[in-house]
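Comments concern the structure below.
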Amino acid sequence: MARAQRKAAASESGHGSASGAAAASAAHGFTVRHYCQGIGDCHLLSFPREDGGRYFVLIDCGVHFLVKGGADTMREVVADIARTTRRIDLLVVTHEHMDHVSGFVSAAEAFKGIHVEDVWFAWTEDPNDPMARELDRYKGRAMAALQVAGARLAGLSRPSAHLDALGKGLAQVMGFYFGAAGDNVRRARNAARDLAKGKVSYRQPGEGPLALPGVAGIKVYVLGPPREPALIRVEERASELYGLAGGSGMAQALLGCPASGDGVADDDGSPFDPEIGWPLAEILPLAGGAKPPKPAELPDRKAAALVDLLHAHYAGPAVQGRGKQALAADQSWRRIDGDWLGVSADLALQLDRGVNNTSLVLAFEFGDRRVALFVGDAQVGNWLSWQGLEWQDGAVTGPDLLKRTVYLKVGHHGSHNATLKAKGLELMDDPDLSAFIPVNEADAKDIGWTEMPFAEIIDALKRRAGGRVVRADEPWLASGAIPAALAGSGSLRAARCKPGLWVEFDIA
């Protein structure tokens, strides 16, 4: 989406009788403004108060750090929020990924002008919960291990194609945890928590129905994340996904990798004393050039022989044939010094999907028992856990809330493993269903994700929602020419947008 148009856009476009988040009448259940910052989530909900004012709920505020200009965009987003309201009654932080929380650090100055009353996190962020503390320690160890692996991959001399691709993929995933300026997700999470002028709450699955103070007719049900560790670990299940499905193994060994930059650690089981030999990280650069150094330039004859061996058979770019035994031009395929880093892919995916499964999932019931569902980036285990939830002695259940859903914030930018099939989308059979996907396909491809959003998810959503599926990268969002079909159709009663920055719907 052309971000340059944002600064030029001074007005809002729309279908409906009013403009802005505060304009939806009480007859409309609520208003939701989705910011279109790329690979990231930021949603401003507005509910009519009984006293005639508005109750504002902000769900997440972030963008993936590999999105170009993302930090500037988030400052623009928060400035727009401040122009809309100087008070956020409830801030909801769904989970610990930078594309959901980066704005709390990159736009910290802009947030100083906004009063934030209460903040909700999932129970997984509660410092007083033993299971949450254990999960937090695991995440910390995994992030530290992956940082070391990333540094080692970046420092490899002439890495193989596999390891080069692995390094790029690891950078994509680590973008969920670290920002461009060195900010990390823990700092962003804590910055969001510290905004609270009122109460910080850590929500449990099965809580509710919860009320929004001063707002009539709204009930909030907490669906996830699950308390069962086994469900947090369920990332994919072929029978519950659309099309693509697969899994990755555990990578616990990488958690014990050395924290030092060179990866060298004492090994009590080694048959050699530490002073015998040379660290590969030191001698490999000498052997990897077009020509190895002359023996006189090296410490001794043994070092010279080792460099010559490595150059000829391990790291040298192009070795000439010797006698009748001509060697291949490139011997880098023999190298194994970086192979141990291959497990970092498994650990990165395990961490990424596990954190997604800790998403705080909220169902807002409004009007005639209609439901708006905000799933964060919940994956399979989180979705499956809703099947057993009950409220009000069984009068309300997880599957019941799904069946009554008329508005869905699609999870994880429309990726293949964040929207369930039989126990998810196919339960949403209300004819008024509409959906929004916070995704920018061009940004995703720039980062390296070629199937975000996933085509089969898009097709399934359109079938269930009668075509009322809006993406953050819709071409019409750049011009403000909102399709007439989006107003007064299904649960969408009115639509407005600020070209290039946000799209807003009155939901009823």
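Things to note:
- Once C-alpha pairs closer than 8 Å and six or more residues apart are averaged by separation and normalised to the residue number of the range 47-116, the relative contact order reads 41 percent.
- Amide hydrogen neighbours beyond the local backbone of residue 203, cut-off 5 Å, H modeled: 121, 122, 123
- Among the listed pairs 445/498; 199/219; 68/445; 197/498; 423/445, those beyond 21 Å (Cα-Cα): 445/498; 197/498; 423/445
- Of 504, 390, the sequence from fewest to most neighbouring Cβ atoms within 10 angstrom is 390, 504.
- Full-stretch length increase - residue 393, residue 485 - with 0.36 nm per residue and alpha-carbon distance subtracted: 29.1 nm
- Amide H contacts of residue 471 (H built 1.01 Å from N, in plane; Pro and chain starts excluded): 437 sit under 5 Å, all sequence-distant by 5 or more or on other chains.
- Rounded to 0.05, the FRET efficiency of the residue 210 and residue 161 pair, given R0 = 41 Å and the Cβ-Cβ distance, is 0.20.
- If R0 is 41 Å, the Cβ-Cβ spacing of residue 442 and residue 79 corresponds to a FRET efficiency of close to 0.95.
- Extension reserve of the residue 369-residue 86 stretch, reckoned as 0.36 nm per residue once the Cα distance is removed: 98.8 nm
- Using θ = phi - 60° and Karplus 6.51 cos²θ - 1.76 cosθ + 1.60, couplings along the range 450-457 (whole Hz; Gly, Pro as x): 8, 10, 10, x, 7, 4, 5, 5
- The H on the amide N of residue 94, modeled in the peptide plane, is under 5 Å from the matching H of 60, each at least 5 residues off or on a different chain.
- Among 92, 396, the order by Cβ neighbours within 10 angstrom, fewest to most, reads 396, 92.
- Sites residue 133 and residue 72, calculated FRET efficiency, Cβ-Cβ separation with R0 35 Å, nearest 0.05: 0.45
Read-outs: derived from the displayed coordinates by stated rules, not from any lab. What you see is a predicted model, and the numbers here were worked out from it, not measured in a lab. Here the Cβ is made from the backbone with ideal geometry for all residues, glycine too, and neighbour counts use every protein chain on show.
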